[in-house]
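Here the structure is laid out as structure tokens; the discussion comes afterwards.
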Amino acid sequence: MNKFSNFGKAIVGSAPSGTSGLSFTVEAGKGLLFPALAAGDYFYGTFKDASGNREVVKIDARNSDAMTIAVGGRGLDGTTARTWNAGDYFVASLTNIALQETLSNANLVALGALSSAADKLPYFTGSGAAALAGLTAAARTLLDDTDMAAMRATLGIYEIPTGTVMSFFQAAAPTGWTQLTTHNNKALRVVSAAGGGSGGSVAFTTAFASKAVSGVVGATTLTEAQIPSHVHYSGKGLQGHGGTADVLVVGNDAPLTTATTATGGGGSHTHTFTGTAIDLAVQYIDMILASKN
């Protein structure tokens with residue numbers, strides 16, 4: 001990059017060798033008046049003497065008071081390389097070649113061709129091409145923030161505190177989060193009291209699986225109390241009946257009216273049972289828990 005400085009003028013301490021030398025020095029302490037050069041930087045300077053002779057050169061390195069002329073950097077901008085002596089002057093002057101380089105810079109030309117307007121921001125659309133974009137007042141309040149924290153505050157976005165636990169409907173924890181595996185194969189329960197608890201003893205997939213409802217009750221011998229109440233009659237023989245009601249008769253059709261005491265209480269008893277299957281394999285989505293790093 002072409003560099004410039006103000007008041008860059010000094011007496012030559014040791015002159016470059018003849019018309020091809022590429023190194024020289026200026027008087028002690030005066031090197032600081034000339035541009036500081038990083039890798040790829042350069043500046044143009046002019047040698048001159050008391051007789052008015054001049055030579056434009058290109059300097060591509062400076063170490064304190066020591067200067068290095070670029071290869072091919074002698075006798076530039078219409079001047080001729082000549083022999084200089086200690087006591088001559090070296091000046092970081094504004095030269096035609098420096099101005100032409102600046103004015104021919106495609107990026108500067110592209111920016112210079114734009115018509116400035118309020119709330120517009122120049123930007124490059126390609127190499128050596130530029131355009132204008134809108135820059136609103138709202139955008140400017142963000143651009144003047146010095147760090148991300150200030151930008152988030154401007155936007156009303158606040159960082160999630162470290163240790164916050166959330167659930168995610170995705171295969172893995174997002175960047176900046178760590179999956180927690182303490183709780184797994186459990187249902188989610190919404191509570192009105194303090195959250196963060198857990199309980200239960202049966203795994204989710206165990207409880208909610210397809211199961212047949214069936215069972216067997218052991219064989220039961222009915223007791224006297226469980227059979228219907230009834231009476232027994234005793235006699236010598238059953239010969240017929242009379243009237244409209246069934247009766248036991250013996251002998252010459254005389255009714256037998258003697259009976260035992262009523263037996264049986266009509267109590268309950270159990271039976272074997274079977275039933276249809278109840279399908280508890282409910283639909284679900286897999287969630288993961290992750291903690292903010």
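Would a scan of the stretch 182-190 turn up a residue that is among the basic types (Lys, Arg) and in contact with a helix residue (DSSP H, G or I) (Cβ under 7 Å, 6 or more places away or on another chain)?
At the first step, the residues of the stretch 182-190 found to be among the basic types (Lys, Arg) are 186, 189.
Now restrict to residues that are in contact with a helix residue (DSSP H, G or I) (Cβ under 7 Å, 6 or more places away or on another chain): 186.
Looking through the stretch 182-190, at least one residue is among the basic types (Lys, Arg) and in contact with a helix residue (DSSP H, G or I) (Cβ under 7 Å, 6 or more places away or on another chain).
For GLN179, which of the numbered conditions (1) at pLDDT 90 or above; (2) touching a strand residue (DSSP E or B) at 6+ places or on another chain (Cβ under 7 Å); (3) more than 30 Å from ALA290 (Cα to Cα) fails to hold?
Exception for GLN179: condition (3).
Please go through the stretch 8-35 and give me each residue that is surrounded by fewer than 19 Cβ atoms within 10 Å (Cβ to Cβ), under 16 Å from ASN85 (Cβ atoms) and touching a helix residue (DSSP H, G or I) at 6+ places or on another chain (Cβ under 9 Å), ordered by number.
Once the filter is applied, which keeps residues that are surrounded by fewer than 19 Cβ atoms within 10 Å (Cβ to Cβ), under 16 Å from ASN85 (Cβ atoms) and touching a helix residue (DSSP H, G or I) at 6+ places or on another chain (Cβ under 9 Å), the stretch 8-35 yields nothing.
Listed residues PRO122, PRO174; which is of a type outside the set (Ser, Thr, Tyr) and under 26 Å from the mean Cα position of the chain (by Cα)? Talk me through it step by step, then tell me what you get.
Values: PRO122 fails: under 26 Å from the mean Cα position of the chain (by Cα).
Result: PRO174 is the single residue among PRO122, PRO174 that is of a type outside the set (Ser, Thr, Tyr) and under 26 Å from the mean Cα position of the chain (by Cα).
Kindly indicate whether any position in the stretch 98-108 is surrounded by 12 or more Cβ atoms within 10 Å (Cβ to Cβ), in contact with an Asp or Glu (Cβ under 9 Å, 6 or more places away or on another chain) and under 29 Å from ASP41 (Cβ atoms).
yes
Is at least one residue of the stretch 48-67 within 16 Å of PHE4 (Cα to Cα) and within 45 Å of the chain's Cα centre (by Cα)?
Looking for residues that are within 16 Å of PHE4 (Cα to Cα) and within 45 Å of the chain's Cα centre (by Cα), one finds none in the stretch 48-67, hence no.
Write out, first by first residue and then by second, each pair whose Cβ atoms fall under 9 Å of each other, whose residues are 6+ apart or on separate chains, and whose first residue, in the stretch 195-207, is of a type outside the set (A, V, I, L, M) while the second is in a helix (DSSP H, G or I).
GLY200/ALA207
Could you tell me whether the stretch 90-107 includes any residue that is touching a Lys or Arg at 6+ places or on another chain (Cβ under 8 Å), at pLDDT 95 or above and not basic (Lys, Arg)?
Yes: one or more hits.
Please go through the stretch 15-35 and pick out each residue that is in a loop (DSSP other than H, G, I, E, B), free of Cβ contacts under 8 Å to residues at least 40 places away in the same chain and touching an Asp or Glu at 6+ places or on another chain (Cβ under 9 Å).
Filtering the stretch 15-35 for residues in a loop (DSSP other than H, G, I, E, B) gives 15-22, 27-30, 34-35.
Still in the running and free of Cβ contacts under 8 Å to residues at least 40 places away in the same chain: 17, 27-30.
The answer is GLU27, ALA28, GLY29, LYS30.
Considering only residues of the stretch 73-104 that are without any contact (Cβ under 8 Å) to a residue 12 or more places away in the chain and of a type in the set (A, V, I, L, M, F, W, C), which is nearest to VAL57 (Cα to Cα)?
Across the stretch 73-104, the extreme among qualifying residues is LEU99.
Is at least one residue of the stretch 196-219 at pLDDT 75 or above and in contact with a strand residue (DSSP E or B) (Cβ under 8 Å, 6 or more places away or on another chain)? If you could, list the steps in order and put the result at the bottom.
Restricting attention to the stretch 196-219, the residues satisfying the condition of being at pLDDT 75 or above are 196-211.
If we keep only those that are in contact with a strand residue (DSSP E or B) (Cβ under 8 Å, 6 or more places away or on another chain) as well, we get 210-211.
Yes, because at least one residue in the stretch 196-219 is at pLDDT 75 or above and in contact with a strand residue (DSSP E or B) (Cβ under 8 Å, 6 or more places away or on another chain).
Only one residue in THR125, THR136, THR162 is touching a strand residue (DSSP E or B) at 6+ places or on another chain (Cβ under 6 Å), exposed (fewer than 11 other Cβ atoms within 10 Å of the Cβ) and either among the small types (Gly, Ala, Ser) or without any contact (Cβ under 8 Å) to a residue 40 or more places away in the chain (or both). Which one? Can you show your working first?
On the way: THR136 fails: touching a strand residue (DSSP E or B) at 6+ places or on another chain (Cβ under 6 Å); THR162 fails: either among the small types (Gly, Ala, Ser) or without any contact (Cβ under 8 Å) to a residue 40 or more places away in the chain (or both).
Within the list THR125, THR136, THR162, the selection yields THR125.
Among the residues of the stretch 15-22, is any farther than 27 Å from ASN107 by Cβ, of a type in the set (A, V, I, L, M) and touching a Lys or Arg at 6+ places or on another chain (Cβ under 7 Å)?
In the first step, residues of the stretch 15-22 are kept if they are farther than 27 Å from ASN107 by Cβ; the result is 15-22.
Then drop every residue that is not of a type in the set (A, V, I, L, M), which leaves 15, 22.
Right, trim to touching a Lys or Arg at 6+ places or on another chain (Cβ under 7 Å) and you get none.
No: the stretch 15-22 contains no residue that is farther than 27 Å from ASN107 by Cβ, of a type in the set (A, V, I, L, M) and touching a Lys or Arg at 6+ places or on another chain (Cβ under 7 Å).
Quick check on my filter: what residues within the stretch 43-74 are farther than 19 Å from LEU99 by Cα and among the polar types (S, T, N, Q)?
Hits for the stretch 43-74 are SER51, ASN53, ASN63, SER64, THR68.
What are the residue pairs meeting all of these: first residue in the stretch 1-13, first residue of a type in the set (Val, Ile, Thr), second residue assigned to a loop (DSSP other than H, G, I, E, B), Cβ atoms under 7 Å, and 6 or more apart or on different chains?
Here the result reads ILE11/GLU27; ILE11/GLY87; VAL12/TRP84; VAL12/ALA86; VAL12/GLY87; VAL12/ASP88, each pair linking the stretch 1-13 to a residue that is assigned to a loop (DSSP other than H, G, I, E, B).
One line per residue, one yes/no per condition, for (1) aromatic (Phe, Trp, Tyr); (2) touching a Lys or Arg at 6+ places or on another chain (Cβ under 8 Å):
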{"site": "GLY134", "(1), (2)": "no, yes"}
{"site": "THR146", "(1), (2)": "no, no"}
{"site": "THR164", "(1), (2)": "no, yes"}
{"site": "ALA187", "(1), (2)": "no, no"}
{"site": "ALA193", "(1), (2)": "no, no"}
{"site": "SER198", "(1), (2)": "no, yes"}
{"site": "PHE204", "(1), (2)": "yes, yes"}
{"site": "LEU222", "(1), (2)": "no, no"}
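Name the single residue, out of those in the stretch 170-194 being under 23 Å from LEU280 (Cβ atoms) and in contact (Cβ under 8 Å) with a residue 12 or more places away in the chain, that is surrounded by the most Cβ atoms within 10 Å (Cβ to Cβ).
The qualifying residue surrounded by the most Cβ atoms within 10 Å (Cβ to Cβ) is LYS186.
The values are calculated or read from the model by the stated rules, or taken from the named source; none is laboratory data. Keep in mind that what you see is a predicted model, and the values were worked out from it rather than measured. Here the Cβ is made from the backbone with ideal geometry for all residues, glycine too, and neighbour counts use every protein chain on show.
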